[in-house]
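**Student:** Right, I'll just put the structure down here and ask away after.
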Amino acid sequence: MIISEAKPLAELQEALAPFGKLFLVGCAACATACKAGGEEEVFRFQEWLTTLGKETCGSVVIDEACHIQRAARDLRHHAEAVAAADALVVLACGSGVQSISSNTDKRVVGALNSLFLGNVRRFGQYEEMCSLCGDCILNETAGICPVTNCAKGLLNGPCGGMKNGRCEIDENLDCAWKLIYERLQRQQRPGVFARRVPPKQWSRRRKPGRHKIR
Amino acid sequence: MSCLSESLAAGQFVVTAEVAPPKGIDLAPVLGVAAKLQGVTAVNVTDNQGANMRMCALVLAGELQRHGIETVLQMTCRDRNRVALQSDLLGAAALGIENLLLLSGDHSKFGDHPDARPVFDLDAVQLLDVAVSLNRGIDMAGKPLTGAPRFFPGAAVNPAAEPFNLVLQKVRKKVDSGARFFQTQAVFTLAELERLSTAVTPLGVPVLAGILLVRSAKMARFLNANIPGMQVPDEVIARLEHAADPLAEGVAIARETVGWARGLCQGVHLMTLGYEERIPEILEM
């Protein structure tokens with residue numbers, strides 16, 4: 001899921017300075033799971049707005065804020081409150097913020113920073129394992145992504161900075177290539193070491209744009 | 001044909017050294033240092049080493065070539081994408097540069113611009129493929145070049161890195177991609193050198209053992225803590241610590257290591273970091 005976290009309050013306070021009446025939008029998917037934009041966080045945000053002397057004229061937690069049509073429908077259901085608001089505050093990832101901003105010309109304030117596509121170990125402990133590069137090599141690398149887990153995204157083995165199987169940029173991290181190598185050995189296959197992997201096709205990273213996938 | 005490639009082909013024991021471009025625009029001091037190097041076949045020119053921003057290596061290498069000093073241009077994948085890398089390689093060829101040391105590059109995090117976006121569009125294996133392809137007059141897009149370079153591409157290997165069998169996987173890929181020589185990261189023990197020699201000799205690619213002049217125990221500890229891949233062993237640190245003249249002891253350690261390399265490798269790559277005048281002593285038999 002998309003891991004997000006609240007922006008610093010000082011930054012938000014500044015962003016909200018021009019507005020008196022606000023409509024709050026949360027997201028029932030990722031932002032709820034990482035406790036950044038669910039019912040509870042929307043409620044606490046409203047309480048914080050009260051301490052700033054601002055009025056909350058309505059709120060909604062959308063099932064998936066990234067769903068453009070669903071976001072539009074939910075905003076329509078709250079048309080009156082939305083119309084009364086000076087701005088909408090969105091407690092969702094950057095994708096969610098843009099579902100909202102693409103459905104209204106009202107000012108939209110994003111309240112979170114979107115961090116990465118994360119796997120959940122337990123609440124508050126996430127692991128970034130996929131970079132959405134569009135050119136997946138996992139089948140050759142024993143299910144460990146070097147694009148994401150190698151600090152340099154190398155495709156053909158470890159760099160010269162590997163020290164005792166640890167990563168050059170953080171001695172607490174295992175070198176991704178060491179993990180790949182060891183698992184391939186346990187699987188008794190050469191995998192990615194059987195060939196020289198050619199340069200990545202970054203053109204497959206389809207951004208920006210409208211993508212049709214069938 | 002570069003002197004480096006001819007000397008290696010002739011089986012001579014080859015010595016390379018290295019200089020860094022200035023942090024600024026005055027080339028005179030480094031040209032002076034390079035002109036005084038003795039007993040050296042070619043001089044490596046580092047590429048924003050340690051991810052610290054300095055003058056473009058290509059410019060210094062070009063100037064050295066113009067002064068009759070053969071260079072090994074180091075090129076990392078950290079700061080340039082495939083377009084810029086190929087473009088710089090063509091520029092290097094135009095300046096008469098043939099020897100290349102193609103590297104991944106230390107992560108940007110270690111340098112003086114830690115917020116820079118690390119590029120790593122290619123890795124060292126892929127960059128070797130590119131150099132070989134350019135030699136055939138074809139770029140990465142398959143387009144023909146007018147005139148082809150005559151690169152003699154080399155690669156790096158860290159003899160101290162563990163797990164070593166994993167390191168060897170990449171060494172083999174580098175050989176398959178056309179690496180014609182290896183220059184190693186700093187080596188300090190005979191065991192490391194023997195292990196490397198045993199593994200790489202069958203591949204038929206000459207190895208120049210990296211010899212770093214460590215001047216004090218303090219410097220050794222700094223290197224271990226701050227330089228990627230650097231592992232000065234405790235025994236070496238202890239020798240420097242207890243020496244009356246640590247610099248002389250560092251020179252002695254380097255000379256011993258060169259001695260091991262004479263028996264196991266095809267040459268040495270000397271990293272003397274400002275103490276180039278000690279090179280003749282380090283090379284004494």
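Coordinate-derived values only; no laboratory data. This one's a predicted model, so the numbers in the text were calculated from it and none came from an experiment. Note: ideal-geometry Cβ built from the backbone for every residue, glycine included; neighbour counts use all protein chains shown.
**Student:** Stokes-Einstein D for the stretch A:133-204 at 20 °C, 1.002 mPa s, Kirkwood Rh over Cα pairs, in µm²/s? Mind showing how you got there, number by number?
**Tutor:** Details: Rh = 12.5 Å.
Here the translational diffusion coefficient equals 172 µm²/s.
**Student:** Where does the protein assembly as shown land at 222 nm, in deg cm²/dmol rounded to the nearest 500, when only DSSP H runs of n ≥ 4 count, each adding -39500 (n - 2.57), divided by all residues?
**Tutor:** Only helices count here, giving -10500 deg cm²/dmol.
**Student:** Moving on. If the elastic network links every pair of Cα atoms under 10 Å, which of A:Ala83, A:Ala176, A:Ala17 fluctuates the most in the Gaussian network model of chain A?
**Tutor:** Most flexible of the set in this elastic network: A:Ala17.
**Student:** Binning at 10 Å from 0, report for chain B what percent of all alpha-carbon pair distances ends up in each bin.
**Tutor:** Final binned percentages: 7, 29, 38, 22, 4, 0, 0.
**Student:** Any chance you could check the Cα centroid distance between the stretch B:199-225 and the stretch B:161-197 for me, in angstrom?
**Tutor:** Spelled out, the Cα-based centre of one part sits 11 Å from the other.
**Student:** On to the next question. I want to make sure I understand the PRE zone here: with the label point 7 angstrom from the Cα of A:Glu171 toward its beta carbon, which residues in the stretch B:198-234 have backbone N atoms less than 16 Å away?
**Tutor:** From the stretch B:198-234, the list is B:218-234.
**Student:** Moving on. Return the single residue from A:Pro198, A:Pro190, A:Pro158 with maximal mean-square fluctuation; model: Gaussian network over chain A, springs between Cα atoms under 10 Å.
**Tutor:** In the Gaussian network model the winner is A:Pro198.
**Student:** Given the options A:Thr141, A:Ile62, A:Leu52, identify the residue whose Cα lies farthest towards the positive end of the charge dipole of chain A (+1 on Cβ of Lys, Arg; -1 on Cβ of Asp, Glu).
**Tutor:** Result: A:Thr141.
**Student:** Report, ordered by chain and residue number, the aspartates and glutamates lying within cross-link reach of B:Lys173, taken as a straight Cα distance under 13 Å and ignoring same-chain residues fewer than 8 apart.
**Tutor:** The reachable aspartates and glutamates, counting only those whose Cα sits under 13 Å from B:Lys173, are B:Asp123, B:Asp129.
**Student:** Taking the Cα centre of the stretch A:43-102 as the origin, how large is its charge dipole in debye, to the nearest 20, when only Lys and Arg (+1) and Asp and Glu (-1) carry charge on their Cβ atoms?
**Tutor:** 80
**Student:** In nm, what is the difference between 0.36 nm times the number of residues separating A:Trp48 and A:Arg186 and their Cα-Cα distance?
**Tutor:** Values: separation 138, 0.36 × 138 = 49.68 nm, distance 5.32 nm.
Once the chain is fully extended between A:Trp48 and A:Arg186, it gains 44.4 nm.
**Student:** With r defined as the distance between the Cβ atoms of A:Leu117 and B:Ala28 and R0 fixed at 45 Å, what FRET efficiency is calculated, to the nearest 0.05?
**Tutor:** Step by step, r from the Cβ atoms, then E = 0.30.
**Student:** Working only with C-alpha atoms, what are the Rg and Dmax values of the stretch B:3-55, expressed in angstrom?
**Tutor:** Radius of gyration, then largest Cα-Cα span, for the stretch B:3-55: 13.3, 39 Å.
**Student:** Charges at C-beta only: +1 for Lys and Arg, -1 for Asp and Glu. How large is the resulting dipole of the stretch B:67-210 about its Cα centre, in Debye rounded to 20?
**Tutor:** Values: 14 positive and 15 negative charges, 78 e Å.
Around 380 debye, computed over the stretch B:67-210.
**Student:** To continue, here is another question. Could you work out, residue by residue across A:169-176, how many beta carbons of other chains sit within 10 Å of that residue's beta carbon, and then give the average as an integer?
**Tutor:** Counting Cβ atoms of other protein chains within 10 Å of each residue's Cβ and averaging gives 2.
**Student:** Go through the stretch B:108-124 residue by residue and turn each phi into a ³J(HN,Hα) via Karplus (6.51, -1.76, 1.60, θ = phi - 60°); whole Hz please, and just put x for glycine and proline.
**Tutor:** Using θ = phi - 60°, the values come out as 4, 4, 7, x, 8, 10, x, 8, 5, 7, x, 8, 6, 5, 10, 10, 5 Hz.
**Student:** Using 10 Å bins from zero, what percent of all Cα-Cα pairs in the protein assembly as shown falls into each bin?
**Tutor:** P(r) over the protein assembly as shown, rounded to whole percents: 4, 17, 24, 20, 14, 11, 8, 3, 0, 0.
**Student:** Go from 0 up to the bin containing the longest alpha carbon distance in the stretch A:34-111, width 10 Å each, and give me the % of pairs per bin.
**Tutor:** Once binned at 10 Å, the Cα pair distances of the stretch A:34-111 give 19, 57, 23, 1.
**Student:** For the stretch B:32-37, just list the computed ³J(HN,Hα) in residue order, Karplus coefficients 6.51, -1.76 and 1.60, θ = phi - 60°, integers in Hz, with x standing in for Gly and Pro.
**Tutor:** x, 4, 5, 5, 8, 4
**Student:** While we're on this one: Once chain A is represented by equal point scatterers at the alpha-carbon sites, with solvent omitted, what log10 I(q)/I(0) does the Debye formula produce at q = 0.12, 0.15, 0.17 Å⁻¹?
**Tutor:** Rounded to two decimals, the profile gives -0.75, -0.95, -1.09.
**Student:** What is the average number of partner chain Cβ atoms found within 10 Å of a Cβ in A:122-133?
**Tutor:** Rounded to a whole number, the mean comes out at 0.
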